[in-house]
1. Kindly indicate the residue of region 132-144 that is out of contact with any helix residue (DSSP H, G or I) (no Cβ under 8 Å at 6 or more places or on another chain) and surrounded by 16 or more Cβ atoms within 10 Å (Cβ to Cβ) and also nearest to residue 83 (Cα to Cα) among those meeting that condition.
2. Determine if region 46-60 includes at least one residue that is surrounded by 12 or more Cβ atoms within 10 Å (Cβ to Cβ), touching a helix residue (DSSP H, G or I) at 6+ places or on another chain (Cβ under 9 Å) and in contact (Cβ under 8 Å) with a residue 40 or more places away in the chain.
3. Which residues, taken from region 199-231, are touching a helix residue (DSSP H, G or I) at 6+ places or on another chain (Cβ under 6 Å) and within 15 Å of residue 44 (Cα to Cα)?
4. Would you say residue 245 is within 21 Å of the chain's Cα centre (by Cα), assigned by TED's automatic domain parsing to the domain that holds residue 18 and modelled with pLDDT under 95?
5. Can residue 98 be described as free of Cβ contacts under 8 Å to residues at least 60 places away in the same chain and assigned by TED's automatic domain parsing to the domain that holds residue 174?
6. For region 98-112, how many residues meet the condition of being out of contact with any helix residue (DSSP H, G or I) (no Cβ under 8 Å at 6 or more places or on another chain) and loosely packed, with under 13 Cβ neighbours inside 10 Å?
7. Being assigned by TED's automatic domain parsing to the domain that holds residue 161, in contact (Cβ under 8 Å) with a residue 24 or more places away in the chain and out of contact with any strand residue (DSSP E or B) (no Cβ under 8 Å at 6 or more places or on another chain) narrows it down to one of 138, 129, 144, 119, so name that one.
8. In region 65-83, how many are exposed (fewer than 15 other Cβ atoms within 10 Å of the Cβ) and out of contact with any strand residue (DSSP E or B) (no Cβ under 7 Å at 6 or more places or on another chain)?
């Protein structure tokens, strides 16, 4: 391949790389923005005008609570008061029952965003009664009950619509949320906050592994906004999540474009014409 054509190919690939880096930077900025906004929403909430409450300018909008200052009108409940059924530890299956049957969700099926990736879930022989007791539905929250490190214990994962019936493994606790008290999506976000994580780690135990039991988890206290305010908070976060997903999709498409270009250009399947003048555009011929 002539050297000028190599240079043009490098320029094309560098342009795609620049677009990928810019998109990655935007995604990182949006995620950082989300983290900061979520903290404000879950500590200050939104007033009747949809604005964040200001602890300095409007201290009368806050009141003392067992958790410190919280927005007036919020209530403090233990997690046990937010559920519509008892928490449920997961199902243990011996090795000879793994590999066939229904989906069984383990911690390796949980993504960095704390959602489920069923494509990497194992399968196990599950009876109808086990499916009834340990089955998952959209809106359930799975909390890591046992983990190798303290940092990984008590972390929630949010269950969305599943493609087929599934159960969950014994190293997790299922929370089935009472939506008349708190929206499941909001409780999921609350369980990830620094303040609640601090409470969870305070009741966790460490031996060979880190663990948390149901009683410790159920006693964790959280601040809960009125349902109408919860809906607005969730809406704000959901819109930001849509922006993040859109940019992640754009980044993924750019990666696909780069792989396709490398396959075509570096094998000579597609040739680029080298402009004689520096300011002459580069053409790609198929």
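The values are calculated or read from the model by the stated rules, or taken from the named source; none is laboratory data. In this text, all values refer to a predicted model and were calculated from it rather than measured experimentally. Note that each Cβ is placed from the backbone with ideal geometry, even for glycine, and that neighbours are counted across all protein chains shown.
1. Filtering region 132-144 for residues out of contact with any helix residue (DSSP H, G or I) (no Cβ under 8 Å at 6 or more places or on another chain) gives 132-138, 142.
Now drop any that are not surrounded by 16 or more Cβ atoms within 10 Å (Cβ to Cβ), which leaves 134-136, 142.
Numbers: 134: 16, 135: 16, 136: 15, 142: 13 Å.
Among those that are out of contact with any helix residue (DSSP H, G or I) (no Cβ under 8 Å at 6 or more places or on another chain) and surrounded by 16 or more Cβ atoms within 10 Å (Cβ to Cβ), it is 142.
2. Yes, there is a match, as at least one residue in region 46-60 is surrounded by 12 or more Cβ atoms within 10 Å (Cβ to Cβ), touching a helix residue (DSSP H, G or I) at 6+ places or on another chain (Cβ under 9 Å) and in contact (Cβ under 8 Å) with a residue 40 or more places away in the chain.
3. Those that are touching a helix residue (DSSP H, G or I) at 6+ places or on another chain (Cβ under 6 Å) and within 15 Å of residue 44 (Cα to Cα): 222, 230.
4. On the way: within 21 Å of the chain's Cα centre (by Cα): yes; assigned by TED's automatic domain parsing to the domain that holds residue 18: yes; modelled with pLDDT under 95: yes.
Considered against the rule, which asks whether it is within 21 Å of the chain's Cα centre (by Cα), assigned by TED's automatic domain parsing to the domain that holds residue 18 and modelled with pLDDT under 95, residue 245 comes out as yes.
5. Values: free of Cβ contacts under 8 Å to residues at least 60 places away in the same chain: yes; assigned by TED's automatic domain parsing to the domain that holds residue 174: yes.
It is true that residue 98 is free of Cβ contacts under 8 Å to residues at least 60 places away in the same chain and assigned by TED's automatic domain parsing to the domain that holds residue 174.
6. Number satisfying all stated conditions: 4.
7. On the way: 129 fails: in contact (Cβ under 8 Å) with a residue 24 or more places away in the chain; 144 fails: out of contact with any strand residue (DSSP E or B) (no Cβ under 8 Å at 6 or more places or on another chain); 119 fails: in contact (Cβ under 8 Å) with a residue 24 or more places away in the chain.
Only one candidate qualifies: 138.
8. Residues flagged as exposed (fewer than 15 other Cβ atoms within 10 Å of the Cβ) and out of contact with any strand residue (DSSP E or B) (no Cβ under 7 Å at 6 or more places or on another chain) within region 65-83 amount to 2.
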